[in-house]
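Report on the structure given below.
The values are calculated or read from the model by the stated rules, or taken from the named source; none is laboratory data. Keep in mind that what you see is a predicted model, and the values were worked out from it rather than measured. Cβ sites come from the backbone with ideal geometry, for glycine too, and all protein chains shown count toward neighbours. For the accessible areas, the whole protein counts, side chains as well, though only heavy atoms, and no ligand, DNA or RNA atoms are used. Shrake-Rupley method; radii C 1.70, N 1.55, O 1.52, S 1.80 Å.
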Amino acid sequence: MSSHHIIREKQEPALYIHQLGDFNEEYLGQLLEWSPTLIVSEAVYEKAISMGLKVDAVVTLNAQAAFQENTKVISARTEELDAVLDYLIAEQYPAVNVIDTKSNLRELGSYIDALNIVVFTTTEKAYAIKSGFKVWKPKGSIFKIEVLSYFETSNLRQEENGDFTVINDGFVEFSFNTEYLFISELL
């Protein structure tokens, strides 16, 4: 007996590769595992094709750029990332994973209500959480938390360098009064 997986379009987060840098190919493979809609910046396009990836769309500032047949072009006026997020919201995607060289999540704050955004860099995974967020983590896991306001948490200890370390295997829960808290985990 074979098993068949039926993936509904837009059920998986889209994947946007803004800058690949030294991103781990194993992590990239995991993000591509369920065949998400793959969008790349024009700067990454040739590399993605050379890696054998099926690119669904390319975001470009150059309206005359030519790409493979059946590759959608997303025109950007100023910021490629903004153009991609606007496109995904218009197409009613619920979530996107972004690969970039830096996690500029706070700059994306205006999109967080409309789209679940996770930014991956070579070293971390960053995302915004709402109060009451709870996640299971093994002892010793490290969070980086952008402390903009008071928050409470269980099972975390703040280190001298500002990182937060999970004290015991188990759930870590966050509560705070602001709309979001920006956190990242080391990969």
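Values as computed for the structure displayed
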{"quantity": "Backbone N under 12 Å from the K10 label point (7 Å along Cα→Cβ), restricted to segment 88-103", "calculated": "88-95"}
{"quantity": "Backbone HN-Hα couplings from phi across segment 129-140 [Karplus 6.51/-1.76/1.60, Hz, Gly and Pro as x]", "calculated": "10, 9, 4, x, 4, 9, 9, 8, 9, x, 3, x"}
{"quantity": "For the chain: accessible area per residue (Å², 1.4 Å)", "calculated": "59 Å²"}
{"quantity": "Pairs of Lys in the chain closer than 23 Å at Cα, counting only those 8 or more apart or on different chains", "calculated": "18"}
{"quantity": "Computed label-point distance, nm, for sites S131 and A90 using a 7 Å Cα→Cβ extension", "calculated": "3.6 nm"}
{"quantity": "In order through segment 90-105: 3J(HN,Hα) via Karplus (6.51 cos²θ - 1.76 cosθ + 1.60), integer Hz, x for Gly, Pro", "calculated": "4, 8, 6, 6, x, 7, 8, 9, 10, 9, 8, 8, 9, 9, 8, 4"}
{"quantity": "Separation of alpha-carbon centers, segment 12-40 and segment 110-187, rounded to whole Å", "calculated": "22 Å"}
{"quantity": "Dipole-positive endmost among I142, L105, Q68 within the chain (Cβ charges, Cα centre)", "calculated": "I142"}
{"quantity": "Charge dipole magnitude, Cβ of K and R +1, D and E -1 - segment 61-187, Cα centre, debye nearest 20", "calculated": "240 debye"}
{"quantity": "Candidates per chymotrypsin sites (Phe, Trp or Tyr not before Pro) in segment 28-104, loop by DSSP, up to 15 other Cβ within 10 Å", "calculated": "W34"}
{"quantity": "Distance between modelled label sites at F151 and N62, nm, 7 Å Cα→Cβ extension", "calculated": "4.1 nm"}
{"quantity": "Spacing of the two label points (7 Å from each Cα toward its C-beta) at N104 and E185, in nm", "calculated": "2.6 nm"}
{"quantity": "Long-range amide H partners of V59 with built H, under 5 Å", "calculated": "V40, S41, E42, I74"}
{"quantity": "Around E80: net Lys/Arg minus Asp/Glu count, Cβ-Cβ under 12 Å", "calculated": "-4"}
{"quantity": "Summed residue charge, Cβ within 12 Å of T153's Cβ, Lys/Arg positive, Asp/Glu negative", "calculated": "+1"}
{"quantity": "Given 16 as the ceiling on other Cβ atoms within 10 Å, longest exposed-site-free region of the chain for GluC sites (Glu not before Pro) in DSSP loops", "calculated": "92-145"}
{"quantity": "Shape box of segment 87-187 [Cα atoms, principal axes, largest first, Å]", "calculated": "42, 30, 22"}
{"quantity": "Principal axis box of segment 1-90, alpha-carbon based, largest edge first, Å", "calculated": "50, 30, 23"}
{"quantity": "Proximal charge balance of F176 [Cβ under 14 Å; K/R count +1, D/E count -1]", "calculated": "-2"}
